[in-house]
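All remarks here apply to the structure that follows.
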């Protein structure tokens, strides 16, 4: 696969992830808001959108910046930070399902303020990984 096709397909992955993320955050925009608050399906959708955006960004940077060169330690750390950020976001977002959240045992899992901060901190770790990986 040449780098131009790989870069274009990774941009498509980022756009698909952004669309999924926006559907997860704003389901009422396409009339899918069935319950009050943010429920489990919305949480999974927005987390999957974050995952696709992270994957697309890393593949894009690989295709355009790093493909023909030997990997450096900074780039390896950037990839690992991106993966760690995704794990932090998933763990924080699905904390109620995992039994470590503040709404454990409730009727349905919700995305509370602490979980929102956890997802946001996971996204910040992802951004730090992207910055490290994109530098040459």
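Inspect the range 6-25 for any residue being in a loop (DSSP other than H, G, I, E, B) and over 16 Å from the mean Cα position of the chain (by Cα) and give the result as yes or no. Don't jump to the end; show me each part of the working.
Let us first name the residues in the range 6-25 that are in a loop (DSSP other than H, G, I, E, B), namely none.
Among the residues of the range 6-25, not one is in a loop (DSSP other than H, G, I, E, B) and over 16 Å from the mean Cα position of the chain (by Cα), which makes the answer no.
What pairs come out if I take residues in the range 72-90 that are on the phi < 0 side of the Ramachandran plot and in contact (Cβ under 8 Å) with a residue 60 or more places away in the chain and pair them with residues that are surrounded by 18 or more Cβ atoms within 10 Å (Cβ to Cβ) and assigned to a helix (DSSP H, G or I) whose C-beta lies under 9 Å away, six or more apart or interchain?
Within 9 Å, the pairs are 74/132; 74/133.
Each reported figure results from applying straightforward, stated rules to the coordinates on display, with no laboratory input. Predicted, not measured: the structure shown is a model, and the values here were computed from it. No Cβ is skipped: glycine too gets one built from the backbone with ideal geometry, and neighbour counts run over all protein chains shown.
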